[in-house]
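First the structure, in the form of structure tokens, and then the observations on it.
Since every read-out is calculated from the coordinates, none of them should be taken as a lab result. Please read these numbers as outputs of a predicted model, since none were measured by experiment. FYI the Cβ positions are ideal-geometry reconstructions off the backbone, even for glycines, and counts take in every protein chain you see.
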Amino acid sequence: MGRRRVREVDIRVSAVSADGLGEGEIDGRRVRIRNGLPGEEVTTRILKRRGGVWFSEAQSIRHPSVDRRRPACEAFPRCGGCAMQHLDYEVGLQLKSQSVFVELDRHGIVPRLVRASVSGPRLHYRHKARLGVRCLPAKSGGEAGDELLVGFRESFSSRVARISDCKVLAVPLAGLLPDLQATLGKLNQKHRIPQVEVVAGDVEQAFIVRHLEPLDKADREHLTGLARRHGIRAYLQAGGYDTLELLWPRSAEPWLTYSIIDFGLTYRFYVTDFIQVNPYMNRMLASSVACAVCPEPGIVVADLFCGIGNFSLVVARLGGLVKGYEANAGAIARAQTNAALNGLASRCEFRVADLYDPDYELPADVQQLLLDPPRSGAGPHLDVWLRSRALQRVVYISCNPVTFASDAAVLIKNGFTLAEVGIFDMFPHTSHVETLGVFVREAAQAG
């Protein structure tokens, strides 16, 4: 919408959805309201419209809800990094849980057991993030007055939010922000830097500067100085991840590390690898996966979308024989390294495989299936995998309630029951939810 069409309206918030947005209606038109809670009367500024729906932000609030809380971050609600800091945490957690059961109900699926929701630290939990960078020209038009912003994108917008601190990034990464912003603002190519990624292991941290034009010696020195001041690795990225260049320190090993201490496991990962961004919740989820799989010695478990072996090694540590599959060759290489590093190479077999390829077949000896797919779900061949009569149990980790429920329907069609389900709050104060479902073949239950 252009500036002339932006308007303010008074509206009563009737509900709040699982994504943290309030809902209301005016003149028969649906309105989504950030920073609005049920029962509140608010004046909202219409920011965007899409598909007949207006998206807005509450400017003033009358009769605040009893569930309203003061946000921990001053950038809320403009910053899109969080959506629910204004809502009582337990109420928000219940909303996330409901979002899973609403989707299951659409398919007529009722779990036999609902696990208690699992939560952990609510602030400074995030160990990996991609931040936008935007250079704003000075109002006078002079280069000297240009302002550079580094942060998450704004809600309902591609613009970069104006932040100087972040309450969800891990402390070392949040502490880097002011100096990172100031340093990038000094670069000659500051207008050609669209994003920065930050990542933290248990001990070391790193940042990756994406640049669209080559950086000269002065720019490299500025970024090296930033890395030295914070004792953090600096990488440059001119194109895809294959162009990654370690700027400082030159002698560093190519990996960072994290641990799942309950199982005595240490993992090496590259800064470009997918990892669970919340280490505390990853440990909680790993323990629950171990209990759900129940790997008796010698049992064969296929870990599909295994990544760097995050859950594979937990299962192997408890005696299972793991066959891990993943399309990313680099992740498979790291999984193999991690198995050897932890003395589990004899119990793990990792192979590159496109799990969305119709020619992929699940090995015939697999007795249990561990699934941790992307948001798109397990894929069109789940039905084929489930035809193996040797397969008795499926443990499914999902980051998308919609595809989790649709895949659950496929499992049930193939003779499985949703024995238990529960959520893990991997991303507090956001609408994202991690779900763990355990499916058991009905014949196995009867036995």
Quiz item: Which peptide among 209-221, 179-191 comes first, and what is the full order, when sorted by highest mean count of other Cβ atoms within 10 Å?
Solution: 179-191, 209-221
Quiz prompt | Using θ = phi - 60° and Karplus 6.51 cos²θ - 1.76 cosθ + 1.60, couplings along the stretch 344-360 (whole Hz; Gly, Pro as x) | solution = 10, 4, 6, 9, 10, 10, 10, 9, 6, 7, 7, 6, 9, 7, x, 7, 6
Quiz item: Which of I11, I332, I275 moves the most in a Gaussian network model of the chain with Cα springs under 10 Å?
Solution: I11
Practice problem: Determine ³J(HN,Hα), in whole Hz, for all residues of the stretch 185-199 in sequence, where each value follows from phi through the Karplus function 6.51 cos²θ - 1.76 cosθ + 1.60 and θ = phi - 60°; x replaces Gly and Pro. | Solution: x, 8, 6, 5, 9, 4, 6, 10, 10, x, 7, 9, 9, 10, 8
Quiz item: Taking amide hydrogens as modeled 1.01 Å from N in the peptide plane, which residues meet the under 5 Å criterion relative to I299, leaving out close sequence neighbours?
Solution: L321
Practice problem: Return the sequence-ordered ³J(HN,Hα) values of the stretch 273-282 in whole Hz as given by the Karplus equation 6.51 cos²θ - 1.76 cosθ + 1.60 applied to θ = phi - 60°, using x for Gly and Pro. | Solution: 6, 6, 9, 6, 7, 10, x, 5, 5, 4
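Could you tell me which GluC sites (Glu not before Pro) in the stretch 361-447 are loop residues by DSSP with no more than 16 other beta carbons within 10 angstrom of their beta carbon?
Numbers: sites: E361, E420, E434, E442; in loops: E361.
Taking the stretch 361-447 and a limit of 16 other Cβ atoms within 10 Å, the loop GluC sites (Glu not before Pro) found are E361.
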Self-check item: Calculated FRET value between E213 and D359, using beta carbons and R₀ = 51 Å, to 0.05
Solution: 0.75
Quiz item: Taking K186 as the anchor, which lysines have their alpha carbon closer than 24 Å to its alpha carbon, excluding any fewer than eight residues away along the same chain?
Solution: K139, K217
Exercise. Work out the charge dipole of the chain with +1 on the Cβ of Lys and Arg and -1 on the Cβ of Asp and Glu about the Cα centre, then indicate which of F269, I109, F55 is farthest towards its positive end.
Key: F55
Exercise. Have a look at D383, D202, D242 and tell me which one the Gaussian network model of the chain (Cα, springs below 10 Å) gives the largest fluctuation.
Key: D242
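So, with +1 on the Cβ of K and R and -1 on the Cβ of D and E, and no other charges, what is the size of the charge dipole of the stretch 363-447 about its Cα centre, to the nearest 20 debye? Intermediate results must be reported in sequence, preceding the final value.
On the way: 6 positive and 8 negative charges, 56 e Å.
With Lys and Arg at +1 and Asp and Glu at -1, about 260 debye.
With +1 on the Cβ of every Lys and Arg and -1 on the Cβ of every Asp and Glu, and nothing else charged, how large is the dipole of the chain about its Cα centre, in debye rounded to the nearest 20? Kindly include the intermediate steps, with their values, before the conclusion.
On the way: 55 positive and 49 negative charges, 258 e Å.
Charge dipole, the chain, about its Cα centre: 1240 debye, nearest 20.
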Quiz item: What residue among V289, V322, V352 shows peak mean-square fluctuation when the chain is described by a Gaussian network model with Cα springs under 10 Å?
Solution: V352
Practice problem: Name the long-range amide H neighbours of K48: under 5 Å, sequence gap of 5 or more, or other chain; modelled H, no Pro or chain starts. | Solution: F55
Practice problem: Give me the aspartates and glutamates in straight-line cross-link reach of K48: C-alpha distance below 19 Å, same-chain residues under 8 apart excluded. | Solution: E8, D10, D19, E23, E25, D27, E57, E154
Quiz item: Please identify the GluC sites (Glu not before Pro) of the stretch 1-76 that satisfy two criteria: DSSP loop assignment and at most 12 other Cβ atoms within 10 Å. Which are they?
Solution: E74
Quiz prompt | Share of alpha-carbon pairs per 20 Å distance bin for the chain, given as whole % | solution = 23, 51, 25, 1
Practice problem: Show the residues, 5+ positions off or on another chain, whose built amide H is closer than 5 Å to the amide H of L148. | Solution: L136
Quiz item: How high is the relative contact order of the stretch 128-248, given as a whole-number percent (alpha carbon pairs under 8 Å, six or more residues apart)?
Solution: 21 percent
